[in-house]
Amino acid sequence: MKAAERAYRLLREEILLGRFGPGDRVTEKEITELAEVSRTPVREAMRRLEAEGLIQFVPNQGAFVRRLARDEARHIFELRARLESLAVRLAADNASDQQRKALQQLAERQLSVSQTRRRGYLNRITEMNTQFHETLIDAANSDLLRASLAPLGNLPIVLQTFRDYSSEDLERSARHHVEIASAISEGDPDWAAAVMRTHIYAAREVFRRRAGGTD
């Protein structure tokens, strides 16, 4: 793996897992030491993450994990609700048997981890959540939809690292995944889309609660 790709993956993972949160400063030196690469590939990785909307550069201050305004986040949740509802509709029609099985297994594992909550469970839930949504996009089989969702799904404040979720929030989110997987397995696009909208709006409520207040 090239040095720039290694630095990119490591920094992206650190952001997605919440080790760098919205507004946190990210230095080249820090990532150089973590990824064990020189500064040139780290700069390349950071520019790539800037293009994806995860990092923003502030003149004379450096690079920071992007922080979204409440109105901007609200619009993004609404876009995700519409686009991901379309994605599950397409997945209900187009998913292969292997993809249907993968979605079911991921959802059931996430539910189990959400219920037992053993050490390291938040990282595992984050990883399974990402895999679930990526598998859905694969199953939808639409390059245009993938391109439209990519920048929305990457934003750290929207990704939700699950550290702000209560135990009830975690289990509810996992149960949504189980129901979405079931709807796709049954080939029912209306059912799948209805649950996905509920799933995204529930995540929006966690964000609103964390931000303090209502829109």
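For this structure, a couple of remarks:
- Entry note, the chain: the mean residue ellipticity at 222 nm calculated from DSSP H runs of n ≥ 4, each adding -39500 (n - 2.57), is -24500 deg cm²/dmol after division by the residues and rounding to the nearest 500.
- Just the protein heavy atoms count here, and of the accessible area of the chain at 1.4 Å, carbon and sulfur take up 46 percent.
- Where labels lie 7 Å past Cα in the beta-carbon direction, separation of Y201 and K2 in nm: 4.4
- Cβ-Cβ FRET estimate between E30 and A51, R0 fixed at 25 Å, reported to 0.05: 0.75
- The chain: angle of helix 189-211 to the longest principal axis, Cα-based, in degrees nearest 10: 40
- Maximal additional length on extending the L79-A147 stretch stands at 23.2 nm, based on 0.36 nm per residue less the C-alpha distance.
- Which labelled figure in (1) 49; (2) 37; (3) 41 is percent of Cα pairs over 25 Å apart, once derived from the coordinates: (3)
- Only the Cβ atoms of Lys and Arg (+1) and of Asp and Glu (-1) were treated as charged; on that basis the dipole of the stretch 1-122 about its Cα centre amounts to roughly 260 debye.
- Residues E127 and R39, FRET efficiency given R0 of 25 Å [Cβ-Cβ distance, rounded to 0.05]: 0.30
- Calculated on the Cα set of the stretch 61-137, radius of gyration then Dmax: 15.9, 50 Å.
- In a simple Cβ point-charge model (Lys, Arg +1; Asp, Glu -1; nothing else charged), the stretch 59-215 has a dipole of about 720 debye relative to its Cα centre.
- 0 to 90° range, to nearest 10: angle between helix 70-94 axis and the chain longest Cα axis: 50
- Each Lys and Arg contributes +1 and each Asp and Glu -1, all at the Cβ; summed about the Cα centre of the stretch 90-148, the dipole is approximately 480 debye.
- Computed from backbone phi, the HN-Hα couplings of the stretch 167-178 come to 4, 5, 4, 4, 5, 4, 4, 5, 5, 4, 4, 4 Hz, rounded to whole numbers (Karplus: 6.51 cos²θ - 1.76 cosθ + 1.60, θ = phi - 60°; Gly and Pro given as x).
The values are calculated or read from the model by the stated rules, or taken from the named source; none is laboratory data. Not measured: the values here are computed from a predicted model. Counting neighbours? That spans all protein chains shown, and the Cβs are built from the backbone with ideal geometry, glycine included. Side chains are part of the model used for accessible areas, which takes the heavy atoms of the whole protein and leaves out ligands, DNA and RNA. Shrake-Rupley method; radii C 1.70, N 1.55, O 1.52, S 1.80 Å.
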